[in-house]
Structures are given as C-alpha cells and as structure tokens.
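What follows is a set of notes on a single structure, which appears directly below.
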C-alpha cells in the first residue's frame, strides 16, 4: 500500500511534467530549436494564474485558458519576428538566441514581480480524500487530469486538424511541405506559439503546487529537457511516457536516498540511458 | 614570422600591464586571461569540431575543487594547478568516450548534465569538499600587490599556452580531422579518419587548461562554493565569446574574450539591476548583426579592400 501511494504521487507529478515537456518537445521536433525560453514561459503562465486569482478571483483551473491564449500570442510574435530570421542556422545559433531572449524575459519578470516566492492560496481548496487506503490530493489530481486532457487535445489537433497535419508535414520534410503550398514560416510561428501555450497552461496549473518565482525557470527548463530525452523526441507519446517515468523515478529515488537527490538520480539515469539508447524510450531514429 | 610578430608584441604589452595599471586593471587583466583560456579551449571542441559542448563549467569546477583540495592537503600551488589540469583531462577522456557518440542537441544536453551531476556530488560529499558551505584555501604569505601580479602572470601564461595549443591544433593533423568531422562526420569516418579518437582528443584538449584555470581561480579568490564554480554561465559565456570573435579561428576567441569582458564590465557598472537583460539584448544583436563574429567582419572587409585594389590595378 505504501509503495502504491509513492507510485501514485509519482504519477500525479509525472502528468504535470509531461504537460511542461510536451510543448518543448514539439518545438524541438518541428523547428529543431532547443527553446531556452520554455522555463520562463512556464513561470509567466504561473504569474498570470496568480494575478488572475488574487485580483479577479479567477480560479487557476479557469485561467488556464487566459494564460494559454496570452502565451500563444507571445510565442507567435517571438517566432515570427525574431527566430524565423535564423531558423535554418546551426543548433548553436538558435540556442544562443533563445538564451539571450530568456535573459531578457527573465530579467523583466524579476524587475516586475521581484524574486519573492508567491503561492496561490485557494479560498476553498478541494482537500484530500481517501480511497481504499490511498490518499488522493484532489487539487493536484484535477490539475494533473487537466494537464493530461490538454496534452490529449494537442495530440488530436496534430492528428486531425488541417494545421496539425501541416505541422507534421513540415516536421517530416520542410522543402516538400513548402512545395505542397504550406506556408512554412507561418507554421513555424504557430508551432512555437503552441509550445508557449502548453508552457503557459502547465505554469498556470503548477501555480497550485509549486511556489512561483522567476528563479524557478531554469528548473522547469531542466525538467523539460530530461523528460524529452528520456521519452524520446518528436512524439507526444514520448513526452507523456518520459514525464510519467521521471515523476515515478523521482518519487522512488527520493524515498531511497532522500528527497534532495531525487532530481540527481533522474539526471544520472538520463546520462546512462543516453549512452545505451540515444533516442530515448519511445524515440525514433532521425531526430538526433 | 611577420604574422606572429604583432601577436608577440600584443602579449608583451598585456604582460607589462602591472607596470602601469592599478590593482583594478590587474584584476580585469586576470579575468581577460581566464576568459581567453575558456574561450580558446571551447573553440577546439565547439569551433573546430562543431560539437556544441556545455561541459566547460564541469571542467572548471572540477579543476577548482581538485586544486583547492590538493592545496588544502599541503601540495604546493603550481603542482596543484598542474594536477587540476590532469584531473580535468582524465575526466574529459572518460566522459568523452561515453557521450561523444551523441550528436547535436543530445550531445549539448549530455555535456550540460555533466556539470549538474558534479555539482550535486560536490554538494553532498561534505567530508571532502565542505559541501554547500564551500571550501577555504590556504592563505598565501605575500603582499596584496605581489599576489595580484602573481595571479595575473600565471593566468596570462595559461592563456598563452592555450593560444599555442589552439595554433598547433589548427595547423596539425588534429585540426584537419576536426574540420572534416564538422563538415561531415560519416564521410570523414568513411575516408579513414578515426573520428572517435579525434573527437576524444578535442574534448580532452577542451578540458585540460580549463581545469588549470579553475584551480588558479580558486587560489586567486581563496574561497569556492559549488554553485559558483559549476555555474551554467561558465559554460555559456565562452560560447558567446567565441561567437563574438569568430568560431574556428585561432585569434577569434581571444578577441571575443576581450570584447566580452569590456561589454560585461560596462554593463555591470551602468545597469546593475537589468544587467542580465542588457546582456541578453547584446547576445540577440550579435546573432542578427554579427553572425560570423568580429573576425568574419574583418575578413569580409579585407576581401572588399583587396577587390577594390584589384579593380584599381585593372583600370590603371
């Protein structure tokens, strides 16, 4: 029973990790860009949820929509205005560019919101419930289910809608997609926007669980990295598997050698995995 | 010979800095030499071989701790610095064999993770490293001025060594092999270049002197702690410097290090609370307006001047 509880905690955490990583994975897979801004996008989403709750009383579960819409706009503009100019450049160029943009965004947030840790204190928290010996933290559980729903919606969008199919086409072969009449620059901007949208929604859900501060952005970025590489790049299922795996590894690792080392174990496992299977658990070849 | 002369004069001019400058100028000079070591070392793996390495912080921190622990155990300072170079090189060789078969983003992340793991290990191994409390180094019995000069000249020696190393690599077999690998790794291995060997050599060379620089830094500042020496910025700054100067050239990284130091100093002085944002703006501007670095600009202008001279010659 005890182990089942640890497993459950890991899965709840892992669902949220998956939501953080899925946008990052999409941008990486389609644009071949490591988006260093991703962590700051997550934090920005958390702040939107925080201020929406404190000033307007909008519950974070609802302000997911606001955070998602605002960040989609921001992401679209950043890609269309800046990154599209160097999108074909080597890995290092785009990486350093997003790093520079992240310095700007993170410093602005630090000035605007200060480095103080803030938390969303709900007036009516859902509390916990016990089902056959398992303690279920309801707020977290709902956040995780919402995160999974959003990830599922993204999956459907990519599979069924016209724009989704265009994104997949650009990922497979940029030149061929352009020849078929796909506006590649627009698709890049939409993809980056969706990446930012997922980061914003994840951030707004996480505002219920983690303290909010611009200083956290590098931690979220690190998480997105690990999840993507763990699960394998270029597929949504990879991000989900990677997220859940990381959540479970972290909670059992914390149990075995102490909570402060949970993430270290994940890092070490990641390096070992990379040595033996460079494409990740679910990865396909061709995305290195 | 004529091409080397200006470089020798420039080094001599920098080395003569203690005669004119205050200790503040010497501190800047030492920082410049340290940045030059980091940038030139990164240039070997990142510039020549084209592998986006983020392992500089790992080598730097490892060297700093190796030097500090040895000095604490009573080893003389220069020997501790040499040993730190070796520790970093051996670490680079072992890790290189493990992660150099990864490419592109995957290599970038694996090399980034090295510093994270070392940071965690250093923080939790309190009995050896002092953990999160950090480590104090033995005090040197010397006047403040003499110390400033000692560290300046030591760091400058290391930078000159890095320059010689970079020049030898660019001239020799290794540089040729690395440039082949950057252009097309599969084709290089097809024509008989032992890519694993040369990539590992490049990774080791990119770690060797950085370990020494870390140890000198530790002796210089007397106190080190894990987040300081394993900072991600230590991995990222050299990349920006090399891109600023011109990747894959011998002198580019040195010029980039100097330019970066000047920018950093100006930004720190004038915009303390928004220095990160200003640095970000500079980096973004760099990518858009100077994609080939200052050296690329110079080369372009040189080509243009040559073309004009040629035309003038033709019309005359």
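None of the figures in this text is laboratory data; all of them are computed from the coordinates on show. Computed from a predicted model, the values in this text were never measured in an experiment. Reconstructed Cβ throughout: ideal geometry from the backbone, glycine too, with neighbour counts over all protein chains shown.
Structure notes:
- Residues A:38, B:275 arranged by fewest to most Cβ contacts within 10 Å: B:275, A:38
- Degrees separating the helix B:104-124 axis from the principal Cα axis of chain B, which is the longest one: 20
- Taking chain B and dividing mean pair separation by its residue count, relative contact order in percent (alpha carbons under 8 Å, at least six apart): 31
- 0 to 90° range, to nearest 10: angle between helix A:138-160 axis and chain A longest Cα axis: 20
- Degrees between helix B:173-183 axis and first principal axis of chain B (Cα, 0 to 90, nearest 10): 70
- Shape descriptor for region A:14-214: Rg over Rh equals 1.01 (Cα atoms; Rh from the Kirkwood inverse mean 1/r).
- Cα gyration tensor category, rounded, prolate or oblate, for region B:1-155 with a/c compared to 1.5: oblate
- Listed residues A:199, A:21, A:80, most fluctuating in chain A (Gaussian network, C-alpha, under 10 Å): A:80
- Stretching the chain fully between residue B:142 and residue B:308 yields a gain of 54.0 nm (0.36 nm per residue, less the alpha carbon separation).
- Shape analysis of region B:4-315 places it in the oblate category; the axes a ≥ b ≥ c from the Cα gyration tensor give an a/c of at least 1.5, with a/b not above b/c.
- Estimated inter-spin distance, residue B:126 and residue B:269, nm [label 7 Å along Cα→Cβ]: 4.3
- Global form of the protein assembly as shown, assessed from the alpha-carbon gyration tensor, a/c cut-off 1.5: prolate
- Segment residue A:176-residue A:56, length gained on full extension (0.36 nm per residue, minus Cα span): 38.4 nm
- Alpha-carbon centroids, region B:233-302 and region A:71-150: separation in whole Å: 29
- Helices in chain B, meaning DSSP H runs of at least 4 residues, each add -39500 (n - 2.57). Divided by all residues, the mean residue ellipticity at 222 nm is -26000 deg cm²/dmol.
- Restricting the calculation to Cα atoms, region B:125-217 shows an Rg/Rh of 1.18 when the hydrodynamic-style radius is the Kirkwood one.
- Pairwise FRET efficiency - residue A:145 versus residue A:6, Cβ, R0 = 22 Å, nearest 0.05: 0.65
- Neighbour-count ranking [beta-carbon atoms within 10 angstrom, fewest first] of B:28, B:209, A:244: B:28, A:244, B:209
- Partner shielding of B:271-277 amounts to 4, given as the average count of beta-carbon atoms from other chains within 10 Å of each residue beta-carbon.
- Highest mobility in the GNM of chain B, judged by mean-square fluctuation with C-alpha springs under 10 Å and restricted to B:159, B:257, B:15, is found for B:15.
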